[in-house]
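See below for the structure under consideration.
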Amino acid sequence: MYHFNFAPVLASWPDLLAGIETTLVLSASAMAIGLAVSIVLAAAKTSGFWALRFVVDAYVELIRNTPFLVQIFFIYFGLPSLGLRLTPTSAALLALVVNFSAYATEIIRAGIESIHHGQIEAGRALGLSGVQVFLYIVLKPALRNVYPAMTSQFIYLMLTSSVVSAISAGDLAAAGNDIQSRTFASFEVYIVVTLIYLVMSSAFSAIFSAIERAVFNYPVSR
């Protein structure tokens, strides 16, 4: 019979809290920056400039068809060969932004293309500039249409951030690995880490639901 002993794990709660903080900061920062980048890339992909579409398509296909772990290693171990040396946390953030943006670009692109062209023409007829049409007529309804897919991608990003422990970024997974190496309580450590990730995922889901009610809770015209 296996006897559970969570005492050594709970005694290391400062390390777990530090890991949680790093995971949340990395995830939230990557979400915010990645969302901004993906909106720009999606706008470029739906524009009439073939060169921009080609560049965005190449970026999206490259990132979506290569492993995230390889991308992290390329940024952290490969870029120093070109003279760009990043800290583990900075490299982790850059890798998360690059990876998330590739997936979010396609999601937002689909949302933009779901907007009826007649609404765009109506905005132009009202004298709105191209930027105003994009911001007020295209972008917000597009984000509403793809919001469920985006929230799923956000949560997936937070869970994927556990991979950055491979470069000692100090996230929750890395904290769990450190505690396990000191206490040898492998089963207990990863039970606690798993529960923490579950709680964080549930919290993000609740936050995103609240944002949806506050920002996108308006009637859709038929």
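We did not get these values from a lab; they are worked out from the coordinates using the rules stated. Predicted, not measured: the structure shown is a model, and the values here were computed from it. Glycine gets a Cβ as well: all are built from the backbone with ideal geometry, and neighbour counts include every protein chain shown.
Here the Gaussian network model covers the chain, with springs between Cα atoms less than 10 Å apart; of Thr160, Thr66, Thr151, Thr66 fluctuates the most. Helical runs (DSSP H, four residues minimum) scored at -39500 (n - 2.57) apiece and divided by the length of the chain put the mean residue ellipticity at 222 nm at -23500 deg cm²/dmol. Build a GNM of the chain with springs between Cα atoms under 10 Å apart, and of Tyr136, Tyr197, Tyr59 the one that fluctuates most is Tyr136.
Other residues whose C-beta falls under 15 angstrom from the C-beta of Ser165 contribute a net charge of -4, scoring Lys and Arg +1 and Asp and Glu -1. Counting charges near Ala149 (Lys, Arg +1; Asp, Glu -1) among other residues having Cβ under 12 Å from its Cβ returns a value of +1.
If R0 is 25 Å, the Cβ-Cβ spacing of Leu62 and Val131 corresponds to a FRET efficiency of close to 0.30.
The relative contact order of the chain comes to 31 percent, based on Cα pairs under 8 Å that sit 6 or more residues apart.
The calculated FRET efficiency for the pair Ile120 and Val55, based on their C-beta separation and a Förster distance of 22 Å, comes to about 0.40.
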